[in-house]
Every structure is written in C-alpha cells, then in structure tokens.
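Novice: Structure provided below as structure tokens; questions to follow.
The values are calculated or read from the model by the stated rules, or taken from the named source; none is laboratory data. On a predicted model such as this, the values are computed, not experimentally measured, just so you know. Positions of Cβ are generated from backbone atoms using ideal geometry, with glycine treated the same way; all protein chains shown enter the neighbour counts.
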Amino acid sequence: MRTFVLDIKKMGINGEGIGYLFKKPVFVQQALLFEKVKIHNIVEYPTYFKAETLKVITPSKHRVKPICPIAEQCGACSLMHADLTLQQQIKIDHIKQSLFKYAKIKNQQIFYHKNPQPINYRNQCKFILGIDNNKISSGMFERDTNQWLAIDHCVIHHPIVEKTRLQVVKLLNKHKVNIAFKASEEGYRYLIVRALDNKAQVTLISTVEVNNQSLIDDIANLEHVDSVYVGVNNKKTRDFFSEQTKHVAKNQYLNVTINDIKLQVSPQSFMQLNSEVARNMMNFVVSKIKPTDQLVEAYCGVGMISLLTSKKAKSVYGFDISKEAIANAKNHAKINHCHNITFDACDADVGIKRANKMFQQYTLIVDPPRSGLTDQFIETVLKANINQIVYVSCNPSTLAKNLRLLQKKFTIQSMDAFDMFSQTQHVEVTVQLVRKSKK
Ligand SMILES: C[S@@+](CC[C@H](N)C(=O)[O-])C[C@H]1O[C@@H](n2cnc3c(N)ncnc32)[C@H](O)[C@@H]1O
C-alpha cells in the first residue's frame, strides 16, 4: 500500500483538505487545514490526486470527534470532524476564493449568520430502502459509491423526521412488504419524510403500483403524520419522485405558516432544508428590499419571497420553470389574499425578457439553483432598468461568475453568508446589488 505524509495547505470546495504531491494537488478526505496527515488509497488523475486520510499526524486544534459514528462512511456531513469555528472559516474562505478566482473581487466583507441549531435541523430526508441484518431498513449510498448503507440514526435530521422515518420502517417490517433493490425489481424503493411546524408528510415510492391500504392506514395513524403520498418510479436514475405521485391519506398539503404567510406544501415543492435559518434568511432578504412600484422574482419556487415582500411593492411578478411550484405559488397568493402578485411557469431566460417588456423599471430578486444565472439571463438584466438586485445563492462559484458580469452595471452593497447546512461544506449567500450611477 502506497502512503505519503502531506501538509494540508488549504481546503477544497467539497470539504477535502488539499496538499501537494509531485507538484500536483491532492484532495484528501477527512483532512483539515494545516494538519499533517498520512494518506493512502491514492488515485491519480491527469492534473490531481484523490486520497484518504490513514492517520492524522499533527491534528488541527479545531479537529473534533464527529458526533455521528458513521460520518466518514456516509460522507454527507463532510465537515463534521471540524468545530463550528473552522467550518465558518472554511465557508468564508470558499466564498472569498471564488470571488477572487472568478470575479477578481478582493477584500469583500461577508457577515456570517450562524445556525442556532447546528444539528437536528434538516426538515426532510430522502432515503433508499434496503435490507440490513434480515430487516427492512432505510439508508443512503456511501460517499462516492453504489454501496447502500443502512442509517439507524441521523443527528442532522429534525427529531420528527427521524422519529417518523424509523416508525415507518418499523411498519414496513410489520407488513412484510417487498423491497426493490433495483429499478427492475418489484417493491418499495424510497422513503421521503418532511417535517414542518411539527407535522410530517410521508411519501413511499415503489417500482410498481402497490395497493396496501392497511400499511397506509398504519402510517396515517402515526403521531406526527399529517399527509401521506405514494408514488411509482421504476426509472434507473437517482431521482426519487416521478410524475405518478398521488395523495392517499390525511391532508393533501402540509399547512405551515411563515411569519403571517400561510403555505401549503406538497411532497415535490421546493423548501429550504433548514426551516429556522431559511426563515431568518427570508426575513433578511425582505428587509433589504426597498419599497418599489414593481418587484420581479426569478426562480420563485412556491412563491415564498414574493409573498413576504408583496407589501413592499405595487405589483409583483414571479416565475419558475416548475409547473407544480407555480400552481402552489398561485394557490398561496390566493389563500393569503395577495392580489398584487402574478406567477408564471416559464424558463428564467424567458421570464426575465417578459419582465423587461412589461416594466419600465423594477427591483429584482433571484434565487437560482446551483448552476446560477445563464449568460443570456444576465444580458437581459444588464439591458433593463433595474435599480436593485438581491441575489440568493447556494453556490459561491456560480455566484462569483455571475457577479463578474453583473458588476458592469451594479455595485455590491453587502454580502451575507447563512450557515444553512452545518456540518457540511455548503453555505447560502445573499448579495445586495445596486445600480451604478450613470456618469
Ligand atoms: C433554490 S430554488 C429557489 C426557490 C424559492 N426562491 C424558495 O426559496 O422557495 C431554485 C428554483 O429554481 C427553479 N428553476 C430551476 N431551473 C430553472 C430555470 N431554468 N428557469 C426558471 N426556474 C428554474 C426550481 O424549480 C426551483 O424552484
């Protein structure tokens, strides 16, 4: 077995430590900034190596024992072996390095909003069913593999998600259901649990239609369960949902309230995974919006930001590519009596062009997926008469690439990071941009 001793000089964007071997970077799992580590399982690629930590020779003073015994195997919590101080530094460094690498932005002040509850925060689990020790269990694929791993307890999940997940698994055992290990087999495949406002929504996905009313009744009777769905998905992809997902017991939606806005959430509606930090971030975004005649929200999902900001504008126009999300958003506008909002199901590149045609001047909010804004979207934005933009991003790299272009017409007024996903490398960033004055 080849081993080497490395000094970790910096952190990578996926939570790995980076050292150098034969002048090439080595991305080392489980290694932290400024540690000296012995590495093994080294795989060489044309421009870099990947490796695992065999032994930590000089540990970082920020190294901690992960509170989850299978953190390393599972891999979802890539920074659980670092304390929250180092996690914060790694996230801020990642944002700053991206800003410099892609937009040549230096010395940007970033205010960091801590997560008040760095464990037990995740309000949804999407788990794969399998058999462990002759019993049905739920779990995930191990990091970078196709190897299924049973997860008996997850400290990141909200306690109601966790309790409900384990109760449903117990019922699957009681009803002796078939489990499908592959898309081609017949049986139950995935279990999805979402918990909001102390109520849980359970979705069971099978590879063929299964009619098991007594199982559904038992699930519906569980303490926190407020909504039950079943679905069929026999595709080979790793998507959990399919179009054939239907409501089968209790309420059709999870009814939740954010500030005084009522939301009706269905299983496939996009919701931020950390309810408390999301609430803080949404309130922060709303506080940054100056009163305006026209507000436009691109990538609006189920319309939460539009609903929360609607009082600050004469009218609001929101768009999202997901027809289901827009149906939810329209319903939300109706039940909240927000008569000044129009929602549109369309691609963002199309929606922003429509906004330019409809409005002479507007304020823009964007909350795109990890891929960020397209160049075409930014081109349209640069042609418009927009006085203020609030950009919510879950990917510092694409944010920085987009800011490079947006800076032609806009100045960054403030930047904030929210620790939405503690114990992982992920971070949510909000940027407030204002139009440069015309010279
Ligand atoms: C990060 S979520 C933001 C949702 C919303 N702002 C919220 O907080 O609930 C990103 C949204 O972008 C939408 N989306 C993805 N690609 C899109 C595209 N090309 N055009 C428009 N919307 C898109 C997704 O459907 C999703 O709702």
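Novice: Check off (1) surrounded by 21 or more Cβ atoms within 10 Å (Cβ to Cβ); (2) away from the ligand (no atom under 15 Å from the Cβ); (3) of a type outside the set (Lys, Arg) for His247 and give me the number that stays unchecked.
Specialist: Every listed condition holds for His247 apart from (1).
Novice: Any residue at all in the range 124-131 that's outside the structural domain of Ile13 (by TED's automatic domain parsing) and outside any strand (DSSP E or B)?
Specialist: Taking every residue of the range 124-131 in turn, none turns out to be outside the structural domain of Ile13 (by TED's automatic domain parsing) and outside any strand (DSSP E or B).
Novice: Continuing with the same structure: Within the range 236-247, is there a residue that is part of a strand (DSSP E or B) and out of contact with any Pro (no Cβ under 7 Å at 6 or more places or on another chain)?
Specialist: yes
Novice: Do the conditions hold for Ile386, that is, is it assigned by TED's automatic domain parsing to the domain that holds Leu308, of a type in the set (Val, Ile, Thr), away from the ligand (no atom under 14 Å from the Cβ) and buried (at least 18 other Cβ atoms within 10 Å of the Cβ)?
Specialist: It is true that Ile386 is assigned by TED's automatic domain parsing to the domain that holds Leu308, of a type in the set (Val, Ile, Thr), away from the ligand (no atom under 14 Å from the Cβ) and buried (at least 18 other Cβ atoms within 10 Å of the Cβ).
Novice: Looking only at residues in the range 395-415 that are under 17 Å from the mean Cα position of the chain (by Cα) and surrounded by fewer than 19 Cβ atoms within 10 Å (Cβ to Cβ), which one is nearest to Ala298 (Cα to Cα)?
Specialist: Restricting to residues being under 17 Å from the mean Cα position of the chain (by Cα) and surrounded by fewer than 19 Cβ atoms within 10 Å (Cβ to Cβ), the top hit is Thr398.
Novice: Just the residues that are under 29 Å from the mean Cα position of the chain (by Cα) and among the charged types (D, E, K, R), please, taken from the range 171-212.
Specialist: Lys182, Arg189, Arg194, Asp197, Lys199
Novice: Give the range 50-74 a look and list any residue that's closer than 14 Å to Val28 by Cβ and within 24 Å of the chain's Cα centre (by Cα), or say none.
Specialist: Glu72, the sole residue that qualifies.
Novice: Kindly provide the set of residues from the range 394-425 that are free of Cβ contacts under 8 Å to residues at least 60 places away in the same chain and not in a strand (DSSP E or B), ordered by number.
Specialist: Once the filter is applied, which keeps residues that are free of Cβ contacts under 8 Å to residues at least 60 places away in the same chain and not in a strand (DSSP E or B), the range 394-425 yields Cys394, Asn395, Thr398, Asn402, Leu405, Leu406, Lys408, Lys409.
Novice: Restricting the range 66-118 to residues that are among the polar types (S, T, N, Q) and not in a helix (DSSP H, G or I), which is surrounded by the most Cβ atoms within 10 Å (Cβ to Cβ)?
Specialist: Ser78
Yes or no, residue by residue, for (1) closer than 18 Å to Phe359 by Cα; (2) without any contact (Cβ under 8 Å) to a residue 24 or more places away in the chain; (3) within 25 Å of the chain's Cα centre (by Cα):
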{"residue": "Ile305", "(1), (2), (3)": "no, no, yes"}
{"residue": "Ser322", "(1), (2), (3)": "no, no, yes"}
{"residue": "Ala325", "(1), (2), (3)": "no, no, yes"}
{"residue": "Lys334", "(1), (2), (3)": "no, yes, no"}
{"residue": "Ile341", "(1), (2), (3)": "yes, no, no"}
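Novice: Mind checking which residues of the range 134-152 are free of Cβ contacts under 8 Å to residues at least 12 places away in the same chain and over 26 Å from Ala51 (Cβ atoms)?
Specialist: Hit for the range 134-152 is Asn134, nothing else.
Novice: If you go through the range 248-275, how many residues are assigned to a strand (DSSP E or B) and under 21 Å from Leu129 (Cβ atoms)?
Specialist: Result for the range 248-275: 2.
Novice: Can you tell which of Thr363, Thr342, Thr430 is surrounded by fewer than 21 Cβ atoms within 10 Å (Cβ to Cβ) and of a type in the set (S, T, N, Q)?
Specialist: Residue meeting the stated conditions: Thr342.
Novice: Regarding the range 119-129, can at least one residue be identified that is closer than 21 Å to Val427 by Cβ, β-branched (Val, Ile, Thr) and out of contact with any strand residue (DSSP E or B) (no Cβ under 8 Å at 6 or more places or on another chain)?
Specialist: Yes.
Okay, residues lined up against (1) touching a helix residue (DSSP H, G or I) at 6+ places or on another chain (Cβ under 7 Å); (2) free of Cβ contacts under 8 Å to residues at least 60 places away in the same chain; (3) closer than 24 Å to Lys170 by Cβ; (4) among the aliphatic types (A, V, I, L, M):
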site	(1), (2), (3), (4)
Asn233	no, yes, yes, no
Leu254	no, no, yes, yes
Met271	no, no, no, yes
Asn280	no, no, no, no
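Novice: Given the criteria more than 27 Å from Met140 (Cβ to Cβ), surrounded by fewer than 18 Cβ atoms within 10 Å (Cβ to Cβ) and among the small types (Gly, Ala, Ser), does Ser242 qualify?
Specialist: no
Novice: Now for a separate question. Could you look through the range 262-275, keep only residues that are touching a Gly at 6+ places or on another chain (Cβ under 9 Å) and of a type in the set (A, V, I, L, M), and pick out the one that is farthest from the ligand (Cβ to nearest atom)?
Specialist: Leu263
Novice: Filtering the range 1-56 down to residues that are touching a residue at least 12 places away in the same chain (Cβ under 8 Å) and aromatic (Phe, Trp, Tyr), which residue is farthest from Thr424 (Cα to Cα)?
Specialist: Taking the candidates together, the pick is Phe4.
Novice: If you check every pair at least six apart or on different chains, which have Cβ atoms under 9 Å apart with a residue in the range 350-372 that is polar (S, T, N, Q) first and a residue that is within 13 Å of the ligand (Cβ to nearest atom) and assigned to a loop (DSSP other than H, G, I, E, B) second?
Specialist: That search, which allows pairs on different chains as well, returns Ser371/Asn395.
Novice: Can Phe377 be described as near the ligand (Cβ under 9 Å from one of its atoms), modelled with pLDDT of 95 or more, over 30 Å from Tyr253 (Cα atoms) and in the same structural domain as Phe418 (by TED's automatic domain parsing)?
Specialist: Answer is yes for this residue.
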